[in-house]
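What follows is calculated from the coordinates using simple rules that are stated; it is not laboratory data. Every value quoted in this text rests on a predicted model; they were computed, and no experiment measured them. Note: ideal-geometry Cβ built from the backbone for every residue, glycine included; neighbour counts use all protein chains shown.
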Amino acid sequence: MILDALIHLAFVLALPPLLLGVIGKVKAFFAGRVGPPLVQPYRDLARLFRKSEVVSTTTTWVFRAGPVVMLATALVAAMLVPFGGRPAPLSFSGDLILFAYLFALARFFTVAAAMDTGSAFEGMGAAREATFAALAEPALFLAFLTLVRASGSLSLTGMLGHGLGRAWSSASASLVFVVVSLFVVLLVESSRVPFDDPATHLELTMIHEVMVLDHSGPMLGTIHYAAALKLLVLGALVARLVAPVSTGSLPLDWLVFAGSILAVAIVVGVVESVMARLRLLQIPLLLVGACLLSGFALVLFAR
Amino acid sequence: MTDNVASHSSPDETPQRSLRAAALSNGEAVPWKDIPRLSIAGLRDTIASALSRGAHLSAFTAFPRGDAGLTLLAVLACPGEGLLELAASDLPAGATSYPSLTPDCPQAHLFERDLFERFGLRPEGHPWLEPVRFPPGGAPIGQVDFYRVEGEEVHEVAVGPVHAGVIEPGHFRFQCHGEKVFHLEISLGYQHRGVERALLGGPTKRTVHQIETVAGDSTIAHTTAYAQALEAFSGSAAPPRAQALRAVGLELERLANHVGCLGALAGDVAFLPTASYLGRLRGEFLNLTAAVCGNRFGRGLVRPGGVRFDVDAAAVAALREKLHAAGRDVKGALALLWDRPTAMARFEGTGRVSTEDARAAGLVGVAARACGLAIDARHDFPSGLFQFVQVPVSVYDSGDVFARAHVRALEVEQSLKFVDRELAALPGGSTLRPGGALAPSRLAVSLVEGFRGEVCHLALTDPSGAFAGYRIVDPSFHNWTGLALALRDQQISDFPLCNKSFDLSYCGFDL
């Protein structure tokens with residue numbers, strides 16, 4: 001139990017930048033390039049944390065609170081979600097509500113920090129983020145409800161625990177819908193193609209990146225790390241759903257998790273390479289589609 | 001050289017034309033005094049009648065007559081006739097205003113603003129008379145009164161002049177309602193270097209180098225236009241081999257820039273593979289130019305009287321081989337893009353400009369051809385090798401980002417064929433035949449279809465044969481208005497995509 005918690009913590013601290021590195025490698029492969037080394041995101045973070053900060057004089061404490069709250073909420077959320085079949089360090093009945101609203105809290109502060117700068121770009125990004133998040137939230141909740149129905153448990157650890165394999169055999173159609181829906185939520189929450197383009201330099205088209213334009217140095221590093229952590233946390237949900245293997249052996253379970261989370265990162269990279277970005281107007285349509293899928297999954301269970 | 005000044009009149013031509021305007025071919029010079037001087041009303045009628053026949057305004061400017069006032073000069077490109085019409089009007093000394101042409105002829109709007117800025121000449125009745133580059137009263141560039149849309153929910157977004165990417169400086173002011181753009185105003189001038197003023201009194205040893213830097217990515221187009229103007233003055237012509245090499249250089253320039261633009265368009269919609277491949281292949285075409293003249297942007301290649309570099313048979317074989325390889329890769333990378341529904345969904349219907357708007361605004365080049373206007377100076381006003389070899393005009397009519405991308409892709413295909421064919425059939429002979437002294441007191445008009453569109457050079461010599469005036473109209477000067485029109489009622493997030501699809505020059509505009 002203690003060992004599980006320690007490994008969990010180690011994954012939380014060390015793994016997130018690697019996922020970005022894997023995505024970068026996959027994209028480079030599709031583009032016929034060598035690409036930056038896998039450890040480049042770690043180096044980038046180290047570079048940012050060594051830098052000094054420039055803070056606009058028009059900002060208040062809200063601006064500084066943004067990155068802090070983002071990191072804090074992502075860390076707590078990471079403690080709630082089970083990695084692979086292993087139980088999460090923190091688990092209680094109804095923790096999935098906390099899980100979902102931790103992200104909402106982070107979003108509130110990111111948006112507030114963006115508005116705090118008074119920049120037209122950041123205001124636009126904030127409006128986009130708020131709109132899309134409002135549509136992603138029902139998709140996440142409906143997916144959770146389906147899993148609650150399938151497992152009979154109200155905690156993430158229970159939901160994604162040993163019973164998952166049985167749920168796949170009895171209600172595979174529902175779970176496929178849930179996986180797709182959660183994958184869409186993963187992409188939009190971590191600002192990946194087709195919703196956002198993390199590689200773009202065009203401030204008029206950005207969503208997440210434009211909100212943090214004014215942050216620099218360690219604050220920007222914190223934001224990048226928290227965003228990568230969010231990718232890990234949501235990726236862990238999807239990874240567990242597609243690889244519901246519980247061997248009971250500690251090293252084997254962790255190995256399965258490591259493999260499946262890397263597979264999720266690779267799939268994200270593939271999606272990013274073979275798809276163009278959606279027009280901003282069409283993003284809500286896809287998110288509504290994800291909500292509908294989750295809804296169908298629930299209906300299939302409830303019939 | 002024949003001066004077709006008011007010399008012919010056939011029954012199907014309007015009677016005014018033969019009386020009122022001088023006509024000449026691309027790359028010809030006419031005595032300045034032989035250009036018939038019209039009244040302002042006559043000038044307006046001539047322009048209106050030419051536009052109604054499908055012409056567009058290639059240039060509208062003024063040259064000072066010493067202290068005796070200004071002479072307004074319009075260059076009208078009449079594609080159907082293959083002729084450039086000149087219409088001039090003398091303003092009296094001390095005149096500070098004249099009735100604006102813009103209400104009847106929207107194409108003139110930016111030219112008139114330019115006149116207002118250069119000479120303080122006020123076109124009465126101009127709907128939006130702001131200076132083009134320099135704010136009044138010596139305020140810093142960019143600090144102008146922008147058009148504002150009033151209303152509680154309307155917000156302004158200011159972009160630039162410093163951009164997030166490595167691009168030229170320019171300021172864009174959007175009037176938005178949420179994500180929707182009501183109006184875009186573009187304010188340039190940051191790249192002003194005083195090129196046209198520096199050319200006065202020339203040509204000197206320096207002149208050709210200055211011309212090469214008018215717009216770095218259109219070096220060959222601008223230098224060819226300059227060389228044609230000088231050859232018109234001295235009554236000489238470049239040898240056939242030089243003309244072929246100029247055309248090859250021009251098409252290589254088109255290939256490199258179109259390929260780069262298509263790659264950047266793929267990058268702007270986050271479609272990675274095509275963006276990466278074409279980004280690399282642009283370099284291949286630049287390297288081909290470098291293999292001819294030692295410079296990737298074609299500097300040093302074109303000179304008045306011919307070209308400075310020749311290629312031997314072995315070099316031609318190597319060039320063609322590399323061209324084939326690069327051409328194959330470009331087609332493959334483009335096929336990836338066209339087959340990707342998500343990318344096409346971004347291109348189609350974005351940044352649409354109607355054919356009527358394109359004609360009214362006087363768009364040229366790719367932007368015009370993507371709106372269904374079949375204008376191409378290589379076809380309509382051929383000069384050099386294009387008099388003997390026709391390049392098909394690539395047209396598409398939907399007027400959106402897709403159309404502009406598609407027209408570029410078609411032109412890439414045509415240029416690949418053209419360069420390959422012409423390299424295989426290079427005429428023999430010399431490559432440089434220096435011309436004599438420049439004829440005095442003449443006006444030369446020279447048009448070249450650069451990769452963006454029509455490059456127009458107007459040169460006027462004084463009685464000693466030196467430049468008394470030199471005007472350069474880069475296609476960007478016509479087309480920035482097209483970008484502003486394309487953004488109407490669009491999503492502001494699509495601006496970078498629309499901007500790239502026009503692929504305009506800032507320094508070519510600012511001069």
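Helical runs assigned H by DSSP (4 residues or longer) give the protein assembly as shown a calculated mean residue ellipticity at 222 nm of -16500 deg cm²/dmol, each run adding -39500 (n - 2.57) before division by the residue total.
Each residue of segment B:75-83 was assigned a 3J(HN,Hα) from its phi angle through the Karplus expression (A = 6.51, B = -1.76, C = 1.60, θ = phi - 60°), giving 10, 10, 9, 9, x, x, 9, x, 10 Hz with x at Gly and Pro. For the protein assembly as shown, the residue among A:Val299, B:Ala50, B:Gly362 whose Cα projects farthest onto the positive side of the dipole built from Cβ charges is A:Val299.
Under the shape rule built on the C-alpha gyration tensor, where the axes satisfy a ≥ b ≥ c, segment B:379-473 is oblate, since a/c reaches at least 1.5 while a/b does not exceed b/c. Computed from backbone phi with θ = phi - 60° and the Karplus coefficients 6.51, -1.76 and 1.60, the 3J(HN,Hα) list for segment B:332-345 is x, 5, 6, 4, 4, 5, 5, 7, 9, x, 5, 5, 5, 4 Hz; x is used for glycine and proline. About the centre of its Cα atoms, chain B shows a dipole size close to 1340 debye [charges on the beta carbon of Lys, Arg (+1) and Asp, Glu (-1) only; nearest 20 debye]. For chain B, the relative contact order works out to 18 percent when only alpha carbon pairs closer than 8 Å and six or more residues apart are counted. Each Lys and Arg Cβ is given +1 and each Asp and Glu Cβ -1; about its Cα centre, segment B:136-187 then shows a dipole of about 160 debye.
Counting neighbouring beta carbons within 10 Å and listing from fewest to most, the residues B:Cys261, B:Cys456, B:Cys293 come out as B:Cys293, B:Cys261, B:Cys456.
Would chain B count as rounded, prolate or oblate if I go by the C-alpha gyration tensor, calling it rounded below 1.5 in a/c and otherwise prolate when a/b exceeds b/c, oblate otherwise?
Here chain B falls in the oblate category.
The spread of Cα positions in the protein assembly as shown, taken along each principal axis and listed from longest to shortest, comes to 99, 64, 52 Å. The phi-based Karplus calculation (6.51 cos²θ - 1.76 cosθ + 1.60; θ = phi - 60°) puts the 3J(HN,Hα) values of segment B:105-111 at 9, x, 4, 7, 4, 6, 4 Hz, whole numbers, x for Gly and Pro.
Fewest to most neighbouring Cβ within 10 Å: what's the order for B:Ser39, B:Ser234, B:Ser383?
Ranking B:Ser39, B:Ser234, B:Ser383 by Cβ neighbours within 10 Å, fewest first, gives B:Ser39, B:Ser234, B:Ser383.
Under the criterion of Cα pairs below 8 Å and six or more residues apart, the relative contact order for segment B:15-124 equals 26 percent. For segment B:209-359, the square roots of the Cα gyration tensor eigenvalues, ordered a ≥ b ≥ c, give a/c of at least 1.5 with a/b no greater than b/c, which places it in the oblate category. A simple spin-label model places the labels of A:Leu252 and A:Ser52 5.6 nm from each other, with each point 7 Å out along Cα-to-Cβ. Remark on B:Ala59: its backbone amide H falls under 5 Å from those of B:Val75, a criterion applied only to residues 5 or more positions apart or on other chains, H modelled at 1.01 Å from N. Dimensions of segment B:201-475 from C-alpha coordinates, computed as largest minus smallest value along each principal axis and given longest first, are 61, 48, 30 Å.
How much net charge surrounds B:Arg433 when only other residues with a Cβ under 14 Å from its Cβ are counted (Lys, Arg +1; Asp, Glu -1)? Cβ neighbours under 14 Å give a net charge of +2. About its Cα centre, the dipole of the protein assembly as shown is roughly 1920 debye, where the only charges are +1 on Lys and Arg Cβ and -1 on Asp and Glu Cβ.
Among A:Trp254, A:Trp168, sorting on how many other beta-carbon atoms sit within 10 Å of each Cβ, with the fewest leading, yields A:Trp168, A:Trp254.
Local charge for A:Ile23 was computed over the other residues whose Cβ lies under 11 Å away, with Lys and Arg +1 and Asp and Glu -1, and equals +2.
The residue list A:Leu237, B:Phe285, A:Leu252 was ranked by how far each Cα lies along the charge dipole of the protein assembly as shown toward its positive end, using unit charges on Cβ atoms, and A:Leu252 comes out on top.
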